[in-house]
Amino acid sequence: MKKSLEQLGQYFLLMKIVFTRPDKGRIFRKQFFIDTEKLVLNSIPIIAVISVFIGAVIVIQTAYNIESPLIPKMYVGYMARESLVLEFCSTMVALILAGKVGSNISSEIGSMRISEQIDAMEMMGINSANYLILPKIASATIFNPLLMLMSFILGLLGGAMIISLTGVITLSQYSEGLQYAFRMYYIFYSMIKMAVFSFIITSISSYYGYYADGGSLGVGRSSTKAIVASSVAILLANLVITQLMLN
Amino acid sequence: MIQVKNLEKHFGDNHVLKNISIKYRPGECSLIIGASGSGKTVLLKSLVGLHEPDSGEIWYDKVKFSSLSFNEKKNIRKEIGMLFQGSALFDFATVEENVRFPMDFFTEWSESEKLERVNFCLNRVNLKNVNKLMPNELSGGMQKRVGIARAIALNPKYLFCDEPNSGLDPQTSILIDQLISEITKEYNITTVINTHDMNSVMEIGDRVGFIHKGELLWEGDKENVLTSDCEELNSFVFASRMAKKVKEMMG
Ligand SMILES: Nc1ncnc2c1ncn2[C@@H]1O[C@H](COP(=O)(O)OP(=O)(O)O)[C@@H](O)[C@H]1O
Ligand SMILES: [Mg+2]
């Protein structure tokens with residue numbers, strides 16, 4: 001307990017150093033583009049595949065579970081849309097990113113720590129935390145909400161695909177359901193969640209990497225801790241944001 | 001000149017540096033020798049501010065480095081080059097980008113000026129046609145050379161080397177030692193080198209300090225290293241059977 005509080009303090013102190021003005025704007029922009037590619041663009045394939053499949057599964061599960069003839073078939077589309085936008089495309093996608101991006105960041109920064117590359121920067125007078133971490137937090141927090149949108153659209157398309165393959169309902173019933181009681185606010189809510197989750201993932205895994213010690217084993221350990229801690233933080237933040245925004 | 005006064009450092013209960021006072025002069029290679037774990041790296045990193053000492057003073061010429069803030073230290077740090085034990089080259093960058101790194105941050109030079117300086121530094125450490133290689137494509141000795149090139153990129157007044165020979169074969173070790181020594185004389189740099197290699201001591205040690213369990217037990221020049229009456233130093237210097245034999249032959 002005492003150790004967790006100390007770590008929390010250390011995390012906030014690190015964030016204070018991260019959020020300072022970069023030494024050189026040009027260098028920051030360069031890193032920002034590199035990290036956008038590494039953290040955001042490179043996540044597109046896995047998120048795309050998972051979204052299509054989950055969209056399809058949600059549609060057939062809902063369709064097979066609606067047995068009562070009193071419930072209109074278009075509810076399948078409605079349910080698929082709501083589960084995708086409310087939880088899957090933000091929270092589940094963020095948990096997947098916590099594994100993929102989180103371990104990537106913490107092992108990258110961690111191996112720079114144990115091979116003294118961070119010392120080399122600090123020794124030159126460079127704010128290494130700012131140089132290494134700020135572009136990662138910034139690019140993921142800014143662009144990942146677009147990943148959420150992409151995941152949403154692909155999930156709906158996955159649903160449409162399985163409908164045309166199996167014919168559990170008709171496409172026009174599906175599309176009627178998708179438009180039923182549509183609230184733009186939910187998309188906004190989900191994008192906000194994704195931005196917060198991305199901040200959590202990038203900052204927490206950077207923290208664990210930055211303070212890695214104990215050789216390559218230590219880097220592995222810090223990477224595991226980063227994933228666990230970001231996942232827990234995502235679930236907590238999900239509760240808080242939902243209470244605040246949907247209440 | 002660098003002056004260290006009564007430096008103390010603990011890690012928890014581990015008393016790593018005990019009341020260290022020493023001076024380092026320009027144009028000289030000052031060696032810190034001692035067994036593994038004796039505190040050499042911690043001393044070196046404390047000198048450049050990578051470890052915060054518990055007490056004591058560190059002076060770079062007229063500036064009291066130990067009481068400056070991170071931002072105030074920047075000005076001194078631009079005049080410091082450091083070669084790390086494992087070279088610590090940035091593995092995300094090419095050789096050229098590694099050497100250019102401090103220039104990108106701390107100069108307003110044009111691209112061509114930077115390239116010229118990069119090539120000058122690489123040339124100085126006898127490296128050619130490696131600009132576009134990644135660090136993991138280089139041998140250990142070449143990595144050390146790039147490390148030195150990066151350390152001298154901004155024409156430092158002070159140079160720190162942590163075990164420049166570790167992991168190198170004896171011949172390459174001597175070449176790296178000589179390179180550091182030449183550069184030190186050529187640019188009148190204040191150079192501090194950690195080592196546990198007695199060959200280096202004999203090759204380039206202008207001044208030698210022996211550190212044992214965090215204490216500076218002996219100081220002198222390389223000739224006297226072999227004839228001191230410091231017991232701990234003797235058992236360090238004459239650790240190997242060959243060294244003992246040489247000592248017997250010397251009488
Ligand atoms: N970052 C650190 N945290 C805690 N203890 C450390 C740290 N760095 C070094 N030490 C301890 O300080 C002592 C001296 O280490 P070091 O200076 O690395 O020795 P060496 O002479 O081999 O370079 C060792 O006991 C080591 O365990
Ligand atoms: Mg050492």
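Summary of computed values
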quantity: Segment A:28-111: trypsin sites (Lys or Arg not before Pro) in DSSP loop, at most 15 other beta carbons within 10 Å; calculated: none
quantity: Trypsin sites (Lys or Arg not before Pro) within segment A:150-247: DSSP coil, no more than 14 neighbouring Cβ in 10 Å; calculated: A:ARG183
quantity: The protein assembly as shown - Rg over Rh from alpha carbon coordinates, Kirkwood radius; calculated: 1.13
quantity: For segment B:1-90, the spread of Cα positions along each principal axis, largest first, Å; calculated: 33, 29, 27
quantity: P(r) tail fraction, segment A:24-246 - alpha-carbon pairs more than 22 Å apart, %; calculated: 56 percent
quantity: Chain A: angle of helix A:44-65 to the longest principal axis, Cα-based, in degrees nearest 10; calculated: 30 degrees
quantity: Stretch gain in nm, segment A:ALA181-A:ILE17, where the contour uses 0.36 nm per residue and the Cα spacing is subtracted; calculated: 54.5 nm
quantity: In segment B:98-178, trypsin sites (Lys or Arg not before Pro) in a DSSP loop with at most 11 other beta-carbon atoms within 10 Å; calculated: B:LYS128, B:LYS132
quantity: Cα pair count fraction exceeding 18 Å, expressed as % - segment B:106-182; calculated: 42 percent
quantity: Net length gained if the chain between A:LEU70 and A:GLN243 were fully extended (0.36 nm per residue, minus Cα distance); calculated: 59.0 nm
quantity: Extension gain from B:LEU115 to B:ASN199, taking 0.36 nm per residue of separation minus the Cα-Cα distance; calculated: 26.7 nm
quantity: Anchor A:LYS30: aspartates and glutamates whose Cα lies under 19 Å away (excluding residues fewer than 8 positions away in-chain); calculated: A:GLU108, B:ASP91, B:GLU96, B:GLU97, B:ASP104, B:GLU108, B:GLU111
quantity: Too-long pairs where the Cα-Cα distance tops 26 Å, listed order kept, from A:LYS136/A:LYS225; A:LYS3/B:LYS64; B:LYS23/B:LYS45; A:LYS100/B:LYS45; A:LYS16/B:LYS132; calculated: A:LYS3/B:LYS64; A:LYS100/B:LYS45; A:LYS16/B:LYS132
quantity: Taking B:VAL146, A:VAL196, A:VAL57 and counting other C-beta atoms within 10 Å, the order from fewest to most; calculated: A:VAL57, A:VAL196, B:VAL146
quantity: Overall dimensions of segment B:158-251 by Cα: Rg and Dmax, Å; calculated: 13.8, 40
quantity: Alpha carbon convex hull of chain B, volume per residue in cubic angstrom; calculated: 133 Å³
quantity: Positive-pole candidate from A:ILE133, A:MET123, A:MET191, dipole of segment A:24-246, charges at beta carbon; calculated: A:MET123
quantity: Karplus-derived 3J(HN,Hα), 6.51/-1.76/1.60, for each residue of segment B:153-164, Hz, glycine and proline x; calculated: 3, 9, 6, x, 8, 10, 10, 10, 10, 9, 6, x
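FYI, it's all coordinate maths here, none of it is from the lab. Keep in mind that this is a model prediction, so the values were computed, not measured. Neighbour counts run over all protein chains shown; Cβ positions are idealised from the backbone, glycine included.
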